[in-house]
1. Given the conditions (1) at negative phi; (2) touching a helix residue (DSSP H, G or I) at 6+ places or on another chain (Cβ under 6 Å); (3) at the interface with chain A (Cβ under 10 Å from one of its Cβ atoms), report the number of the one that residue B:4 does not fulfil.
2. Output the residues belonging to the stretch B:7-21 that are out of contact with any helix residue (DSSP H, G or I) (no Cβ under 7 Å at 6 or more places or on another chain) and within 14 Å of chain A (Cβ to nearest Cβ).
3. Here's a check for you: in the stretch A:209-237, which residue that is touching a residue at least 12 places away in the same chain (Cβ under 8 Å) and over 14 Å from residue A:30 (Cβ atoms) is nearest to the other protein chains (Cβ to nearest Cβ)?
4. With respect to residue A:179, is the statement that it is at pLDDT 90 or above, more than 20 Å from residue A:41 (Cβ to Cβ) and within 11 Å of another protein chain (Cβ to nearest Cβ) true?
5. Residues of the stretch A:218-237 being in a helix (DSSP H, G or I) and either surrounded by 13 or more Cβ atoms within 10 Å (Cβ to Cβ) or touching a strand residue (DSSP E or B) at 6+ places or on another chain (Cβ under 6 Å) (or both), which ones?
6. Residues that are more than 14 Å from chain A (Cβ to nearest Cβ): list the helices (runs of 4 or more DSSP H) wholly contained in the stretch B:22-122 that include at least 1 such residues.
């Protein structure tokens, strides 16, 4: 499995969400897409799953252009929270299972157990942390070769974050999957990443191996990111 | 609990250190199996590729060996563990001395202060 963005441009009104972006992702790796709010992270993810299409350039999965149908093969966790309030946890899972052929119900049940969700509880009575967990269940239970997570930790307390990270590590199958995590909470995900890609207002301003950053430059991802953003801003002034 | 990592050192090296420390403290016993890559990844909250790399490094150091289809085992190698212990001590001492020199403490004062500190601890 490979994902490729070639000279991808996307504009919302006059603003560039992405500007001539080239990116190549392959299986076996966990990628971090980092950048401030509004830097184009979500747009990039939506393009990989066929929810948004480029104004210029092309996005391909295994060499095939992404279409609306690509959503069937890509597990995508949105930053938004969209569940039917009157459904129970179990009904929500059953509903998602009915929408995606690659949904693995056994895996979903294991995840519900592991994340200590009550299957009988109604969505409307779930805490924010539990809604976050449920979202993760619906994304990770799919046997998809591509998993895209948009801000999977936002608004979750440290305990839930840790449980989330653990489920993620337990269920990711790096021999066949690509995992992309978009977030501005860089420190949280650093130990999870193989590679980090820094976006800054529509541009890719850096791409590095996390361990190379530490080994050869003696810096963490956050320090590296602050540095290149600083350089970029200095250059722009 | 997930581990906290220092920012300037590769994560895989920090995992190597923590496993070596576990072996030195006898928490991880000689000739026994290490957790699988996946279990260790979940335990530490770290990318499985990083754990794989740490295990590879431990194998290169002759601390562990991987047996096909069985997993990774700690080797019963007392000499090597002694060496590792010494090199770890050296690293800690180097850091200590470097930091003391940085704040202008002389070698003599360093020894004296360490002595005082240890006496105070007793």
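1. Here residue B:4 meets the rest and fails (2).
2. Residues of the stretch B:7-21 out of contact with any helix residue (DSSP H, G or I) (no Cβ under 7 Å at 6 or more places or on another chain): B:13-14, B:17-18, B:21.
Within the stretch B:7-21, B:13, B:14, B:17, B:18 meet the criteria.
3. My answer is A:220.
4. Values: at pLDDT 90 or above: yes; more than 20 Å from residue A:41 (Cβ to Cβ): no; within 11 Å of another protein chain (Cβ to nearest Cβ): yes.
No; evaluated as a whole, the condition is false for this residue.
5. The answer is A:221, A:222, A:223, A:224, A:225, A:226, A:227, A:228, A:229, A:232.
6. Details: elements: B:37-44, B:48-60, B:78-102, B:107-121.
So the answer is B:48-60, B:78-102, B:107-121.
The values are calculated or read from the model by the stated rules, or taken from the named source; none is laboratory data. Just so you know, these numbers come straight off a predicted model, no measurement behind them. Every residue, glycine among them, receives a Cβ derived from its backbone with ideal geometry; neighbour counts consider all protein chains shown.
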